[in-house]
Amino acid sequence: MKLANWLKVLRLIALMLSLFVLLPQLSQAQDRPIIIQQWQVQWIPDDAISDIPPSATGHWQDANVEKPLTVIPTGMQGMWTRISVPPTSNWQRPGLLVDRLYGLELTVYHDGQLLFESKRDFKFDRNKLLLPIPSSSESGEYYVRIITTSDRVGLTSEIRVDDYEKLSKRFVLKDLPDVLIGVSIAVLSLIMLICSGYLRRKQRSSWISLCLIALTTGTLFIVYSPLPYIYLHNYGALMLILFDVSLFVLIPSLNYYIDQVYEGQFRFFTKFRLVQAGYSIVCLLALLIYTATGEQHYEVSYLILNVIMGAVILMQLPLIIILSILIAKHGNRDALILSVGLILFALLCAVDLILYYWSNKIYVLFLWKFGVAILFFSLVIILARRISADYAKLFTYSKELELYNHSLQRTEKMKIISDLAASVAHEVRNPLQVTRGFLQLLAEKTDEKSKSYFELAVNELDRASDIITDFLTFAKPEIEKINLLNLSQELKSIGAIMMPLAAMNGGVLVCIAEGDLYIYGNSSKLKQALINIVKNSIEAIGNGGVIKIEVVAEVDEAVVRLSDNGQGMEQEEVAKLGEPFFSTKTKGTGLGLMVTFRIIEVMKGTITIHSTKGKGTEFVIRFPLVANENILPGKSHV
């Protein structure tokens, strides 16, 4: 193939690629909306009756998005707006959309024909305009007649010409989020209100006030949006009443909730919220009378419902912020959270109002919604913290009650055993000793074969005598003679006694003492208690096991830590230690640790046990430490 042919092929490919790239862009260019930012207005006097569009050569004023001319002059009831629309032949069904305008009555004309008409019998002047327009290859003039009873009127946003279906979606989606958020909050508040029956009375009041705050806030979100007034035209007056009622319920509910956060510390605020709640009731009655009388005496109603109520709200907002900051300084985190939420709410509302008046009332307030959301979120956090605190108190009380019941049961068991031991031990011990003596005499006169039986009988009698001795120790744990003991020296003495026994069982006993630590107690009783614990540890460890006894001083206490790396225990077993007849050993009586616990208790000490199955056990015993300046050498206390 010749070079010229190759060049023709490459040009064809390049042309196809360029068409492939440019065609979507051309189609998108045809579908791009037309944005109109300029229009002309002509004021309509109060005495004007005709609704025929004025002459194109009349006195028209230029207006645009930057300067929309919405402040209505004295003696005027509305305005005519003339919109020049470029050719619309690119769309099969073009439409015209104005996202924001102020007016109660809307009438649209084109070429002398009426295209659209909308009238409101309620005083909500925030409006939108959407209508299909003819598809034309030439420019056209559209006249919009806007009538109002307020002090503002006219277009405040750009005019968009596009496919009618696309504009319809934009018409709804622009303000739909506010409605959805409001409905969600209102439904959530109703669910919370139903669930309030499961709460305690103290919690229910705060919960219900928060439900009312959420319900009224959701209602404000809904009825502030222009969409409900367009699609639910017949209920417009009712929605305006709902707006006022929601506001009059929101303020007292918020004040009550805040007073609960303050825990009633500011009596003047409590009185203030009661007065404000009373005035809200007055406003509700005034609104009812104003509505029932066909909206007569507007000036009086406006004074009561708007001027005075607005002044009260403006006065209480900084008051609440100041009080929240004051109480937050005392460590009240709920008040700190509340003050942060209120400050952010107040700042956003203030910015909203500044922008509103700076723009000659054409700015659409929206920052207050974020402020309300932040405030509501802070109130939810406070309620959650209060419920969590109540649950923590309830859990702590339940735990203390459980410990108290456990201690009471243990005390009852101890008392029963104590009474039993005191009444039976002496009577049983004497015949045992007599029997033991006669068995020893008989063992000397019998043959060698029978001696082993006598020795077994004597050993069992000795074992029974030891059990009775434990009973007697438990029945009478009082220490008759209390001396000043050097705990470090007592530990060394116990170590010297128990080290051979630990070595015989393949273990090692290590004793560590921190200087001289003095306590009040009885040396023999203390040795008995600690030896009982050490014997249990020796039996729990295997070959190579280590038992460690350490005596240290902690603040005003002498602490004995006795730990081993033996087989350990389950938590259920640890909880039962010290109970009569409970033992983890097959031949144990369960009385040794019971006696140990009583001895430590009588010596004003406490004992704590930590154990992990397979890792070992630690006993922590604490005694009141005697200060050095109170130690007098050679002195004992009886």
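The values are calculated or read from the model by the stated rules, or taken from the named source; none is laboratory data. Here the structure is a predicted model, which means the values were calculated and not measured. Every residue, glycine as well, gets a Cβ built from its backbone with ideal geometry; the counts of neighbours run over all protein chains shown.
Worth a mention:
- Residue identified as closer than 18 Å to Thr596 by Cα and assigned to a helix (DSSP H, G or I) among Ile549, Ile494, Ile519: Ile494
- Single match in Ser388, Ser398, Ser378 (criterion: modelled with pLDDT of 75 or more, within 30 Å of Val351 (Cα to Cα), part of a helix (DSSP H, G or I) and among the hydroxyl-bearing types (Ser, Thr, Tyr)): Ser378
- Taking the numbered list (1) touching a strand residue (DSSP E or B) at 6+ places or on another chain (Cβ under 7 Å); (2) assigned by TED's automatic domain parsing to the domain that holds Trp80 in turn, Lys166 passes all entries but (1).
- Between Leu472, Leu439, the distinction of being farther than 26 Å from Ala529 by Cα and either at pLDDT 70 or above or part of a helix (DSSP H, G or I) (or both) belongs to Leu439 only.
- Lone unmet requirement of (1) in the same structural domain as Arg386 (by TED's automatic domain parsing); (2) surrounded by 16 or more Cβ atoms within 10 Å (Cβ to Cβ) for Glu158: (1)
Conditions tested, residue by residue: (1) among the hydrophobic types (A, V, I, L, M, F, W, C); (2) touching a Lys or Arg at 6+ places or on another chain (Cβ under 7 Å).
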residue: Tyr102; (1), (2): no, yes
residue: Tyr109; (1), (2): no, no
residue: Ile147; (1), (2): yes, no
residue: Arg152; (1), (2): no, yes
residue: Lys166; (1), (2): no, no
residue: Lys169; (1), (2): no, no
residue: Gly182; (1), (2): no, no
residue: Leu188; (1), (2): yes, no
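- Positions within the range 30-65 being crowded, with 16+ Cβ neighbours inside 10 Å, among the hydrophobic types (A, V, I, L, M, F, W, C) and in a strand (DSSP E or B), in sequence order: Ile34, Ile36, Trp39, Val41, Trp43, Ile44, Ala63
- Options Leu254, Leu250, Leu232; residue that is at negative phi and surrounded by fewer than 18 Cβ atoms within 10 Å (Cβ to Cβ): Leu232
- Single residue of the range 321-355 satisfying the filter (within 27 Å of Ile222 (Cβ to Cβ) and in contact with a Leu (Cβ under 6 Å, 6 or more places away or on another chain)) that is surrounded by the fewest Cβ atoms within 10 Å (Cβ to Cβ): Val351
- Residue within the range 116-132 that is over 14 Å from Pro226 (Cα atoms), surrounded by fewer than 18 Cβ atoms within 10 Å (Cβ to Cβ), in the same structural domain as Val71 (by TED's automatic domain parsing) and touching a Gly at 6+ places or on another chain (Cβ under 7 Å) present: yes
- Residue match in the range 401-422 (condition: under 30 Å from Gln260 (Cα atoms) and either assigned by TED's automatic domain parsing to the domain that holds Cys211 or at pLDDT 75 or above (or both)): yes
- Residue in the range 587-602 that is modelled with pLDDT of 80 or more, among the aromatic types (Phe, Trp, Tyr) and assigned to a helix (DSSP H, G or I) present: yes
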